[in-house]
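Written below as structure tokens is the structure these notes are about.
The values are calculated or read from the model by the stated rules, or taken from the named source; none is laboratory data. Given the structure is predicted, the values throughout are model-derived calculations rather than measurements. With ideal geometry, Cβ positions are generated from the backbone for all residues, glycine too; neighbour counts draw on all protein chains shown.
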There are 2 protein chains.
Amino acid sequence: MKQSQLFTKTRKEAPKDEVSKNAQLLIRGGFINKEMAGVYSYLPLGLRVLNNINDIIRAEMNKIGGQELLLTTLQDKEVWDKTDRWSDDVVDNWFKTKLKNDTEVGLGFTHEEAITRLMKDHIQSFRDLPVYAYQIQTKFRNEARAKSGIMRGREFLMKDLYSFSRDVESHDFFYEKAKQAYKNIFDIVGIGDITYLTYASGGTFSKYSHEFQTVSESGEDIIYICDKCKVAINEEIIDEQNSCPECGNKDLRKEKAIEVGNIFSLGTKFSDAFELNYNDENQEKHPVIMGSYGIGPGRLMGTIAETLSDEKGIVWTEITAPFKVHLLSLGADEEAEKIYNQLQQKGVDVLFDDRDKKAGEKFADSDLIGTPYRVVVSKKSIESGGVEFKKRDSDDSEIISVDDFLERVK
Amino acid sequence: MKQSQLFTKTRKEAPKDEVSKNAQLLIRGGFINKEMAGVYSYLPLGLRVLNNINDIIRAEMNKIGGQELLLTTLQDKEVWDKTDRWSDDVVDNWFKTKLKNDTEVGLGFTHEEAITRLMKDHIQSFRDLPVYAYQIQTKFRNEARAKSGIMRGREFLMKDLYSFSRDVESHDFFYEKAKQAYKNIFDIVGIGDITYLTYASGGTFSKYSHEFQTVSESGEDIIYICDKCKVAINEEIIDEQNSCPECGNKDLRKEKAIEVGNIFSLGTKFSDAFELNYNDENQEKHPVIMGSYGIGPGRLMGTIAETLSDEKGIVWTEITAPFKVHLLSLGADEEAEKIYNQLQQKGVDVLFDDRDKKAGEKFADSDLIGTPYRVVVSKKSIESGGVEFKKRDSDDSEIISVDDFLERVK
């Protein structure tokens, strides 16, 4: 895409009321727009990143047998009464509104109830199990404060998968597969080495739930890391669990962290409430065993902005970047245009800065937007034999031939 | 995909309270689930169709220079006060809710206000124009009645594009391009021949707006068609415009129709309210000329279900279908599995009915789901030299060799 066509502009300063680093950088780069506290629009660059992240998540969910669907925002009181989660005294972050006939409806903050009711139409026999269904859908949570940018929104995208299994063994088997899928996702987006499988409080049906926590100064959680096992313990259970649950190590490293995902065994809590049962081979009735698996694509994008960035801007990986290559023309429009066309033909995602701007401004914008590869075409580079090639995560640039460049980014 | 893995089941009867044909068929086929009146979830088969439709729309919007973004549901009163559209007396289908601090916020039923405000950050000069920005995003409208299935929802997906041009000429130029893009979309999904460009009431800034109306008994609108020009007039303006606006023909055919799209010249209504101005080459200030262009992907899916269906189910086209091929094994699982693998390798989207069900049930399900090509593998077909091949929109089947079949659907 030609940058002269891109309607968004970068800005030198973030809005004064924006205190989070992720939103500051993303607003300055033209990735997102703040509509109100905790409510952000995604502009073309931001939507490209978000879609990249969604595609990564989707691929991993499909690999473990997930079937994608799309549930609704508007939620029926009757459904939530079954689990006693309708009342604002029980759930304190509902948004609620009213139909014309004065019936109160809620805006879904999660979807266990909706999907359990739905599955009653589709699960009757052991032959119908297991089922793994997920969605990437907008959730609404009436947060009292929303100062963490896109890491804690009042309106935000969530990937939520729900598993339905016939017994604890098959549930546990899938739970481990989901754990691995989550690890893959964080590896692929580039935060795998600072993200820890974290033991957190469970529920009636399991001792622990598991979170994935990314070490960051801007995190809202505290975790205790076992560097031997590369796992962590959430502070909320450190009193009961003060050593590594895997090796017993008590020498734990305390860090602030961002919760980028969580997986939870639900047991029969929801299937009991909705009478979601199946008949086994002997026509005996059993409740379905459930699990839920959440990850916020927007929060993940915010976490990347928090952790993979420097004072100049964000440092996207190839797979999350809005464009793979940022091509800058410095007074060599004809030569740059030719390279632009070659990249397009090769199917390389390229943002071409064809604007009539000074070099300093183009460089600053390039660092702020943070594509992994920057290539500068100028009279000087051409005289030196090609283009100036630089990786966003390196300070060194080099002059290479156009052919060599095309080979490296293909 | 193997149908034994698909978690949804078809059903013989639609829910009794469901009066619309589109929702009846789509619920029976396992495409959608009714959460409450006017609020439908998309199940895996339905989401596949919806995504196909979104991709068709997206491609046409990108072709005319559209840049995709994603605005928010939650809307700020202050923004809507600018155009006096906040009050429930002015707009009677708002859903509203409250933040924790008691601030009222709305759920967006359209986004002219939000995007005009956004563009103030990005449009200052004639060099920044034109801008064409669109989204495929969930809208909320508090409909008093919602009895048309996914054709009129309280919560529904909308593609809304907004154009920002420097003058009326460049606006008109784009408006015609958008008209053509819309025609392309309706052609591609298969309803082009029953969909008419329809003159409808304009506003302060243009004599007409334009709708795209698909002839259907279930339509809520009345149109008068000029069969010479293949255009129509909406009943709402028939008193002022009782002849074809293109040829003057007064011999018009009256039909019920579904509004599947509309395009509208907004003039400076919103740019005036938000002071969205640009400086021209002489540093003179002018308001930006705007247009809006809407199409509901869910409504379009519902319209296809209404108009491209028979008593047995829906008849999707290749490009909208959840799967291109429905492969049915009737007691020849091994041979069918082989063909399934071959189709998968060729990248053909195939649903493989590997279930242990009777032939009649498999045929009925296949017609209800409505994939364009059905292929049956049975002992009998193998003895006759191959597979039984049938198009959904034809009553005739034929026995063809496996190679011939693979060639036809590749």
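Here B:A336 meets each of (1) small (G, A, S); (2) over 31 Å from the mean Cα position of the chain (by Cα); (3) part of a loop (DSSP other than H, G, I, E, B) with one exception, condition (3). A:A59 satisfies every condition listed in (1) within 11 Å of chain B (Cβ to nearest Cβ); (2) surrounded by fewer than 18 Cβ atoms within 10 Å (Cβ to Cβ) except (1). Residues of segment A:39-56 that are surrounded by fewer than 23 Cβ atoms within 10 Å (Cβ to Cβ), more than 7 Å from every other protein chain (Cβ to nearest Cβ) and out of contact with any helix residue (DSSP H, G or I) (no Cβ under 6 Å at 6 or more places or on another chain): A:R48, A:N51, A:N52, A:D55.
Tell me the strands (runs of 3 or more DSSP E) entirely within segment A:250-316 that contain at least 1 residues that are assigned by TED's automatic domain parsing to the domain that holds A:E235 and of a type in the set (D, E).
Values: elements: A:253-267, A:277-279, A:285-287, A:289-295.
So the answer is A:253-267.
In this structure, B:R145 does not satisfy being of a type outside the set (V, I, T), touching a Leu at 6+ places or on another chain (Cβ under 7 Å) and within 14 Å of chain A (Cβ to nearest Cβ).
Restricted to segment B:362-410, and to residues that are out of contact with any Leu (no Cβ under 7 Å at 6 or more places or on another chain) and polar (S, T, N, Q), which residue is farthest from B:L26 (Cα to Cα)? Ranking the candidates gives B:S384 first.
The condition (being surrounded by fewer than 15 Cβ atoms within 10 Å (Cβ to Cβ), touching a residue at least 24 places away in the same chain (Cβ under 8 Å), in contact with a strand residue (DSSP E or B) (Cβ under 7 Å, 6 or more places away or on another chain) and among the hydroxyl-bearing types (S, T, Y)) is satisfied by just one residue among B:T204, B:T214, B:T195: B:T204. Within segment B:69-87, being in contact with a helix residue (DSSP H, G or I) (Cβ under 6 Å, 6 or more places away or on another chain) and within 8 Å of another protein chain (Cβ to nearest Cβ) holds for B:L69, B:L70, B:L71.
Among residues of segment B:2-26 that are touching a residue at least 40 places away in the same chain (Cβ under 8 Å) and within 13 Å of another protein chain (Cβ to nearest Cβ), those with a Cβ under 8 angstrom from a residue that is of a type in the set (S, T, Y) and buried (at least 21 other Cβ atoms within 10 Å of the Cβ), sequence gap 6+ or separate chain, pair up as B:K2/B:Y340.
Taking the options A:D365, A:D349, A:D353, A:D395, name whichever one is free of Cβ contacts under 8 Å to residues at least 12 places away in the same chain and either charged (D, E, K, R) or out of contact with any Phe, Trp or Tyr (no Cβ under 7 Å at 6 or more places or on another chain) (or both).
Step by step, each of A:D365, A:D349, A:D353, A:D395 is checked, and only A:D395 is free of Cβ contacts under 8 Å to residues at least 12 places away in the same chain and either charged (D, E, K, R) or out of contact with any Phe, Trp or Tyr (no Cβ under 7 Å at 6 or more places or on another chain) (or both).
Filtering segment B:201-241 to residues that are touching a helix residue (DSSP H, G or I) at 6+ places or on another chain (Cβ under 8 Å) and of a type in the set (V, I, T) leaves B:T204, B:T214, B:V215, B:I222, B:I223. Using the structure shown, decide if A:V350 is closer than 14 Å to A:Q5 by Cα, among the hydrophobic types (A, V, I, L, M, F, W, C) and modelled with pLDDT of 95 or more. Criteria met by A:V350. When the criteria are applied in full, B:G153 meets the requirement of being within 11 Å of chain A (Cβ to nearest Cβ), crowded, with 22+ Cβ neighbours inside 10 Å and in contact with a strand residue (DSSP E or B) (Cβ under 8 Å, 6 or more places away or on another chain). All conditions in (1) within 19 Å of A:G296 (Cα to Cα); (2) within 9 Å of another protein chain (Cβ to nearest Cβ); (3) buried (at least 24 other Cβ atoms within 10 Å of the Cβ) hold for A:S163, with the sole exception of (2). Put simply, of B:G192, B:G219 the only residue that is touching a Lys or Arg at 6+ places or on another chain (Cβ under 6 Å) and under 17 Å from B:R299 (Cβ atoms) is B:G219.
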